[in-house]
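In what follows, a single structure is set out as structure tokens and then discussed.
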Amino acid sequence: MRVPLIAGNWKMNTTLSEATELVNKMLRELDGVENVDKVLCPPFISLAAVGELIKGSSIKLGAQNVYFEEKGAYTGEISPLMLADLCEFVIIGHSERRQYFNETGEIVNRKIVAALKAGLKPILCVGERLEENEAGRTEKVVTEQLNSSLAGVNSINGLTIAYEPVWAIGTGKAATGKQANETIGLIRRTISKLYGERIAQDLRILYGGSVTANNATEFMQQPDIDGALVGGASLKADQFLSIVNQTSEISQIK
Ligand code: PEP
């Protein structure tokens, strides 16, 4: 039985005081929701403060990015060792990083390797662009991203994968539950080929892309979808709580 996971990716939003305010708005209710792992991924500068606020609760903390070196002359970067002190999860290979910061498959791979080595739990993002989807290349693109991201990785213990079709991120144009479930099924089969069926069955695979309180149930009802990576809706306490609550309810009957 896979426990579902809902992660809120706040992206480059919230000042320190806004981050504190957002956590305080949902802390108590979010803490009380069972049968689902809840992860908040604020900007780096708010990690420590959010970590203090959620200390002792069931809410977990994640970062949105990480560099692959442990330390040294890499001005402006944050290392896996620094994060391992502060948080449990880290998003790696988000399409915005691939698109705006030229993160290649090789860079994503180095980050995955470094994060796992430091004991962090990576949330690896994969997904096709609109033109790739329209050209019927989804399967090829996603499989290639998985193969390159996980090259040389012997154990994926601690890993979560998020399937995030690029055309659905921040556009309000979510995939359908059926579409997302199909591609997530393909991801699970690819992981099975790489690591064996037992590991593939234990792996959590999330959907991400315009998930809101209005469509969350459609995704969570799908057999292969184990939660969501939520962007925009995670900045609204009531929306995020509703997504988490819907996930919890469905996980009890799934
Ligand atoms: C994301 O940032 O990973 C994401 C899925 O964003 P949104 O929910 O806003 O589409």
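What whole-number value in Å² describes the accessible area per residue of the range 13-94 for a 1.4 Å probe?
Each residue of the range 13-94 exposes 50 Å² on average to a 1.4 Å probe.
Let me have the 222 nm mean residue ellipticity of the chain computed from DSSP H runs of 4+ only, each contributing -39500 (n - 2.57), with the sum over all residues rounded to the nearest 500.
My calculation for the chain gives -13000 deg cm²/dmol from helical runs alone.
Based solely on C-alpha atoms, express the radius of gyration and the Dmax of the chain in angstrom.
Answer for the chain, Rg first and Dmax second: 16.9, 51 Å.
Give the carbon-plus-sulfur fraction of the accessible surface of the chain in %, rounded to a whole number; probe 1.4 Å, heavy atoms of protein chains only.
C and S atoms contribute 50 percent here.
In the range 102-252, what percentage of the DSSP-assigned beta bridges are antiparallel, given to the nearest 5?
Taking every DSSP beta bridge within the range 102-252, about 0 percent pair in antiparallel fashion.
Which of the pairs 60/178; 25/111; 38/117; 11/178 have their Cα atoms more than 31 Å apart in this structure?
25/111
Quick check: pseudo-label points 7 Å beyond the Cα along Cα→Cβ at residue 202 and residue 252, how many nm apart are they?
2.8
Once you put a point 7 Å from the Cα of residue 137 and another 7 Å from the Cα of residue 86, both along the Cβ direction, what distance in nm separates them?
Distance between label points: 3.7 nm.
Rounded to the nearest 0.05, what FRET efficiency is calculated for residue 18 and residue 75 with R0 set to 35 Å and r the Cβ-Cβ distance?
Calculated transfer efficiency: 0.85.
Under 17 Å Cα-Cα from residue 254, which aspartates and glutamates qualify once same-chain neighbours fewer than 8 residues away are excluded?
34, 37, 202, 218, 224, 226
Report the local net charge at residue 54: Lys and Arg +1, Asp and Glu -1, summed over other residues whose C-beta lies under 15 Å from its C-beta.
It works out to a net charge of -1.
Just in the range 86-188: which chymotrypsin sites (Phe, Trp or Tyr not before Pro) are loop by DSSP and have at most 10 other Cβ atoms within 10 Å?
Qualifying residues, ordered by number: 101.
Please give the contour-minus-distance gain from residue 1 to residue 57: 0.36 nm per residue of separation, less the Cα-Cα distance, rounded to one decimal in nm.
That pair, residue 1 and residue 57, stretches by 17.9 nm at full extension.
What figure in square angstrom, to the nearest 10, would you give for the accessible area of residue 23 with a 1.4 Å probe?
Only protein atoms counted, so the area is about 0 Å².
At a probe size of 1.4 Å, how large is the accessible area of residue 217, to the nearest 10 Å²?
Taking all protein chains as shown, residue 217 has close to 50 Å².
Sort 188, 28 by accessible area with a 1.4 Å probe, largest first.
If we order 188, 28 from most to least accessible, we get 28, 188.
To the nearest 20 debye, what charge dipole does the chain have about its Cα centre, counting +1 at the Cβ of each Lys and Arg and -1 at the Cβ of each Asp and Glu?
300
Determine the order of 194, 241 by accessible area, beginning with the largest, at a probe radius of 1.4 Å.
194, 241
So how do 204-211, 112-119 stack up, highest first, on mean other-Cβ count within 10 Å?
Going by the mean number of other Cβ atoms within 10 Å, highest first, we get 204-211, 112-119.
Work through the residues other than residue 242 whose Cβ is under 11 Å from its Cβ and net out their charges, Lys, Arg +1 and Asp, Glu -1.
Neighbourhood net charge equals -2.
With Cβ to Cβ distances under 12 Å as the rule, what net charge do the other residues near residue 202 carry (K, R +1; D, E -1)?
+2
The values are calculated or read from the model by the stated rules, or taken from the named source; none is laboratory data. The structure presented is a predicted model; accordingly, all values stated were derived computationally and were not measured. A quick note on method: Cβ atoms are made from the backbone with ideal geometry, for glycine too, and the neighbour counts reach across all protein chains shown. Note: accessible area is taken over every heavy atom of the protein model, side chains too, but ligands, DNA and RNA are not part of it. Shrake-Rupley method; radii C 1.70, N 1.55, O 1.52, S 1.80 Å.
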